[in-house]
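S.K.: Structure incoming, see below.
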Amino acid sequence: MDIKKVEKKWQEIWEKDKLNTFNQKNADKKYYCLEMFSYPSASKLHLGHWYNYAPTDSFARYKKMKGFEVFQPMGFDAFGLPAENFAIKTGIHPKDSTEQNIANMEQTLREMGAMFDWSAEIKTCEEDYYKWTQWLFIKLYEKGLAYRKEAPVNWCPSCNTVLANEQVVNGECERCHSTVVKKNLTQWFFKITDYAEELLQKLDGLDWPEKTKAMQRNWIGKSMGGEIEFTCESGDKFNVFTTRADTLFGVSYVVLAPEHPLVKTLTSPEQKEAVENYVFETSKTNEIDRLSTNREKTGVFIGHYAINPINGKKVPIYIADYVLFSYGTGAVMGVPSHDSRDFAFATKYNLPITRVIKGVDCDDELPFEEDGILMNSMEFDGLTSEEARKSIINKLAMSGKGTHKTNYRLRDWLVSRQRYWGAPIPVVYCEHCGTVPVPVSDLPVKLPYDVEFKPDGKSPLAKHEGFMNTTCPICGGKATRDPDTLDTFVCSSWYYLRYPNANNPKEPFNPAIINKMLPVDKYVGGPEHACMHLLYSRFITKALRDMGYLDFDEPFKSLVHQGIILGPDGFRMSKSRGNVVSPDQYVEQYGSDTLRLYLMFGFSYTEGGPWNDDGIKAILKFMDRIEKLGVKLADTKNGKNIDIGSEEKELLYAQNYAVKAVSRDMETFSFNTAVARLMEYINALYKYDSLENKNVKLFKESYKTFMLLLAPLAPHFSEEIWEILGNKKSIFLSDYPECDENALIRDENELAIQVNSKIKTRIMLANNLTEEQIKEILLKDEKIVAALGGKEIKKLIIIPKRIINIIV
RNA sequence: GCGGAUGUGGCGAAAUUGGCAGACGCGCUAGACUUAGGAUCUAGUGGGUGACCGUGGGGGUUCAAGUCCCUUCAUCCGCACCA
């Protein structure tokens, strides 16, 4: 068949008949199947897109044939840095290039033949969309979940611009490789930390890959411990956070982060110069270096002492850059005997090392970091570490010097970007009224087109007077806008809520519709978003729930990560390596169904692997065999009926086995085995075809069943053959075949016979035999008798339909 | 260092969850039909070839282990001075 013509033909028919459009009337049977939307890139679709979208579309089509009302939308994550960088390089405006890219990608996505509901398409850079992204910001602000503070950001001194975290690779700017430095700017944050505990707890109930859940757990980084108050000789007080309160008697010094405010007030005149030098040096170090584990521990004594509240012992106060001001209290207690970092530090600066924990039945050489039994700890001696952690904090609590405390490593989400191509932050600053959110009725705050976006260290919008100068919505006086734009992850943190309401001009989403359509039943995309997009989306969903807009807790019930298709050389495809394989040539030459089938057959979906097109031949042959048989059957008259004999039973067995196996495989994204089962099934059909006398009616039905199983995996091709067979309606309006379990029951099976667990022979056995009958048959078999060698049978293990083990 | 995986023929990969390892393919070998074939079809294809050995290595549990337990090695990914 002329595959290009056929594809076009069916794509037009599907579109005309609105086959892929979600029907809200059937929302009770909804199945929300979502693939992560794409960033509009200049080159068309790459293999990664295909690998994400084509097999998932087959899954969605399978669900549709199973009777679900499938909603599978597609859109574009259209704001972001690459378009802006492209603009800086070429002078082509980000809006123009993005629109062009989207147009190209839309076309190739349509050519793929996926059942995307284009009536629900969204593009995050359009006013209709970013208006509601701004709405989201304002709602978070009103709820106290968006706030503004000064914070250090990544700054590239050569590009003269702020970089997103993702653009900092090993401490360097990804474009010019200059060392990135920290610079303090006033920024907007979302208070994701308010949800740290729920984000952690609710992971347990999600049908997500274990690895992804583990990554989020790590990222959230819950640790339970206590805060303990140390009092300085000066009378100043500070808290340390520790998970090892049981080692409190082993403290031989304390360390403040160099940024800690007490450093200035406590430093003695003799130590002033050394401390100031150290603080200065630290401020120059970039965070990557500072956080490197294998770096030597350094620090400076500040010339002041603090009192350990548990035993009144006086200990020196140091500053050291391995203590982070941003985590815990920015101060730690140093217990060299039971922490390897402290051990290294104490050894270097000749501080005392006192053991306070002894190990139980293990090598407890210092530094000993495991739990054990307390010693040198006064009344706590003899307690286990676990008991002591509680009782020591409890004792301190009585005098107000200690509390149990849980810390998280998760930080608030910095959403300001000093960039042009994003949603403007909908806030104005008024001389009288201060920070004022733009009223929802005034949204969107439009992103102006005529902006100078060449980087010079300032937000591009700051230079646009027409944009910047405005009036205060409260007092009507002079005000200026926030010149920053929102991180594009804000746009993508709620897009799945917009799809079912894509054309709603009045609200971002209708709560009644959302509560019916969400959560997403199956979400498919790359694993690289584990701690960004997937975490942000969960946060936003929970925040909107707490504002009363939703009544579900989690946006994505079930998540699948597709694997990565590597270049033929086994490395990640990249232009610089020159190993990029484009899907276009294959689509052009063989058609989209062929490429789709091969992607499904050639790889384990969640694994991926190096590209190799040898297997395409196998798919072409497979499709050719299907077509030949279909054309032949379409021309065959039913003829005289033949009774159901053993050949017919075999055919029905093959058919029902395929139905059962393929359904199971489709459910679990095991596309490679689903295709394999279909290959087996077509082989069985050919085998039946080679017979002299056939039950043509049954044969045709069997072939139709085959086509129905194939349809989700090769949509255009299947439609065409379906039509050749004489069907008038789309194959996707047919029901998916059901397995007839009775056809899978065989009268007899071949069993492997083992003697003392070694296979000796195989024999056919009827399934309804008793143990005695089986024994009788076995003892008549020459090979078995020989293997038994006249020995007495001690035990007979029979696994029906599979194996028999004779123990002698 | 912590966390998550992966390791099976020449290659891509399967294995109903403890029951005949290598399904389905690619490649290869032989044959058929052909002027020809890089088309199509048929047969064979883990290794040795006697009955034995084979799922990274070593141990264990079991009638039975790719699958469960212990141990070890290698590779990939993520996080990493988080007190």
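S.K.: I'd like the full set of residues that are open to solvent by 80 Å² or more (accessible area, probe 1.4 Å) and either among the charged types (D, E, K, R) or free of Cβ contacts under 8 Å to residues at least 24 places away in the same chain (or both), limited to the stretch A:377-393.
M.R.: Scanning the stretch A:377-393 gives A:Glu379, A:Glu386, A:Glu387, A:Lys390.
S.K.: If A:Gly639 satisfies all but one of (1) loosely packed, with under 14 Cβ neighbours inside 10 Å; (2) farther than 23 Å from A:Leu725 by Cβ; (3) small (Gly, Ala, Ser), what's the number of the condition it fails?
M.R.: (2)
S.K.: Something else: Please find, within the stretch A:305-324, the residue that is nearest to A:His260 (Cα to Cα) out of those that are among the aliphatic types (A, V, I, L, M) and open to solvent by 50 Å² or more (accessible area, probe 1.4 Å).
M.R.: Once the filter is applied, the top-ranked residue is A:Leu324.
S.K.: Could you run through the stretch A:643-686 and say how many residues are within 10 Å of RNA strand B (Cβ to nearest atom), exposed (fewer than 15 other Cβ atoms within 10 Å of the Cβ) and in contact (Cβ under 8 Å) with a residue 12 or more places away in the chain?
M.R.: Of the residues in the stretch A:643-686, 2 are within 10 Å of RNA strand B (Cβ to nearest atom), exposed (fewer than 15 other Cβ atoms within 10 Å of the Cβ) and in contact (Cβ under 8 Å) with a residue 12 or more places away in the chain.
S.K.: Now for a different question. Which condition number in (1) more than 13 Å from RNA strand B (Cβ to nearest atom); (2) not in a helix (DSSP H, G or I) is the one that A:Leu765 fails?
M.R.: Answer for A:Leu765: the failing condition is (1).
S.K.: Of the conditions (1) open to solvent by 80 Å² or more (accessible area, probe 1.4 Å); (2) more than 13 Å from RNA strand B (Cβ to nearest atom); (3) modelled with pLDDT of 85 or more, A:Phe732 fails just one. Which one is it?
M.R.: It fails just one condition, (1).
S.K.: Of all the residues that make up the stretch A:712-760, how many are basic (Lys, Arg) and either within 19 Å of A:Tyr62 (Cβ to Cβ) or not in a loop (DSSP other than H, G, I, E, B) (or both)?
M.R.: Here the count works out to 3.
S.K.: A further question on this structure: Within the stretch A:764-800, track down each residue that is surrounded by fewer than 12 Cβ atoms within 10 Å (Cβ to Cβ) and among the small types (Gly, Ala, Ser).
M.R.: A:Gly789, A:Gly790
S.K.: Residues to consider are A:Gly235, A:Gly250; find the one that is at pLDDT 90 or above and at positive phi.
M.R.: Exactly one residue qualifies, and that residue is A:Gly235.
S.K.: Report yes if some residue within the stretch A:325-339 is over 19 Å from A:Phe249 (Cβ atoms), open to solvent by less than 20 Å² (accessible area, probe 1.4 Å), within 12 Å of RNA strand B (Cβ to nearest atom) and of a type outside the set (Lys, Arg); otherwise report no.
M.R.: Scanning the stretch A:325-339 turns up at least one residue that is over 19 Å from A:Phe249 (Cβ atoms), open to solvent by less than 20 Å² (accessible area, probe 1.4 Å), within 12 Å of RNA strand B (Cβ to nearest atom) and of a type outside the set (Lys, Arg).
S.K.: Do you know which residues across the stretch A:777-796 are more than 56 Å from the chain's Cα centre (by Cα) and within 28 Å of A:Leu744 (Cβ to Cβ)?
M.R.: A:Ile777, A:Asp781
S.K.: Every residue in the stretch A:136-159 that is open to solvent by less than 20 Å² (accessible area, probe 1.4 Å) and of a type outside the set (Gly, Ala, Ser), please.
M.R.: Those that are open to solvent by less than 20 Å² (accessible area, probe 1.4 Å) and of a type outside the set (Gly, Ala, Ser): A:Leu136, A:Phe137, A:Ile138, A:Leu140, A:Leu145, A:Val153, A:Asn154, A:Cys156.
S.K.: Okay, next question. Name every residue in the stretch A:753-763 that is open to solvent by 60 Å² or more (accessible area, probe 1.4 Å) and at negative phi, in order of residue number.
M.R.: Across the stretch A:753-763, the qualifying residues are A:Lys758, A:Ile759, A:Lys760, A:Arg762.
S.K.: Also, I was wondering about something else. Would you mind listing the strands (runs of 3 or more DSSP E) fully within the stretch A:200-271 where at least 2 residues are within 15 Å of RNA strand B (Cβ to nearest atom), within 28 Å of A:Glu370 (Cβ to Cβ) and open to solvent by 60 Å² or more (accessible area, probe 1.4 Å)?
M.R.: Once the strands (runs of 3 or more DSSP E) in the stretch A:200-271 are filtered for at least 2 residues that are within 15 Å of RNA strand B (Cβ to nearest atom), within 28 Å of A:Glu370 (Cβ to Cβ) and open to solvent by 60 Å² or more (accessible area, probe 1.4 Å), nothing remains.
S.K.: Please state which one of A:Lys522, A:Lys516, A:Lys542, A:Lys506 is touching a Phe, Trp or Tyr at 6+ places or on another chain (Cβ under 6 Å) and away from RNA strand B (no atom under 16 Å from the Cβ).
M.R.: Just one listed residue meets the conditions, A:Lys542.
S.K.: Which ones in the stretch A:578-605 are touching a His at 6+ places or on another chain (Cβ under 8 Å) and open to solvent by less than 60 Å² (accessible area, probe 1.4 Å)?
M.R.: Those that are touching a His at 6+ places or on another chain (Cβ under 8 Å) and open to solvent by less than 60 Å² (accessible area, probe 1.4 Å): A:Ser582, A:Pro583, A:Gly591, A:Ser592, A:Asp593.
S.K.: Report yes if some residue within the stretch A:6-23 is of a type in the set (D, E, K, R), open to solvent by 10 Å² or more (accessible area, probe 1.4 Å), part of a helix (DSSP H, G or I) and farther than 20 Å from A:Glu106 by Cβ; otherwise report no.
M.R.: No, the stretch A:6-23 has no match at all.
S.K.: Within the bounds of the stretch A:694-712, is there any residue that is within 15 Å of RNA strand B (Cβ to nearest atom) and at pLDDT below 95?
M.R.: no
S.K.: Next question, about the same structure. If the Cβ limit is 7 Å and pairs must be 6+ apart or interchain, which residue in the stretch A:797-808 that is modelled with pLDDT of 90 or more and within 6 Å of RNA strand B (Cβ to nearest atom) pairs with which residue that is open to solvent by 50 Å² or more (accessible area, probe 1.4 Å) and in a strand (DSSP E or B)?
M.R.: A:Asn805/A:Ile797
S.K.: Suppose we filter A:Glu701, A:Glu692, A:Glu648 for residues that are in a loop (DSSP other than H, G, I, E, B) and over 40 Å from the mean Cα position of the chain (by Cα); which single one remains?
M.R.: That would be A:Glu692, the only listed residue that is in a loop (DSSP other than H, G, I, E, B) and over 40 Å from the mean Cα position of the chain (by Cα).
S.K.: Of everything in the stretch A:460-469, what is open to solvent by less than 80 Å² (accessible area, probe 1.4 Å) and either aromatic (Phe, Trp, Tyr) or touching a strand residue (DSSP E or B) at 6+ places or on another chain (Cβ under 8 Å) (or both)? Give them in sequence order.
M.R.: Those that are open to solvent by less than 80 Å² (accessible area, probe 1.4 Å) and either aromatic (Phe, Trp, Tyr) or touching a strand residue (DSSP E or B) at 6+ places or on another chain (Cβ under 8 Å) (or both): A:Leu461, A:Phe467, A:Met468.
The values are calculated or read from the model by the stated rules, or taken from the named source; none is laboratory data. Quantities reported herein were computed from a predicted structural model and do not represent experimental measurements. Neighbour counts are summed over all protein chains in view; Cβ atoms, including those assigned to glycine, are modelled from backbone coordinates with ideal geometry. The protein model used for the area step is the full one, side chains on, heavy atoms only, and it has no ligands, DNA or RNA in it. Shrake-Rupley method; radii C 1.70, N 1.55, O 1.52, S 1.80 Å.
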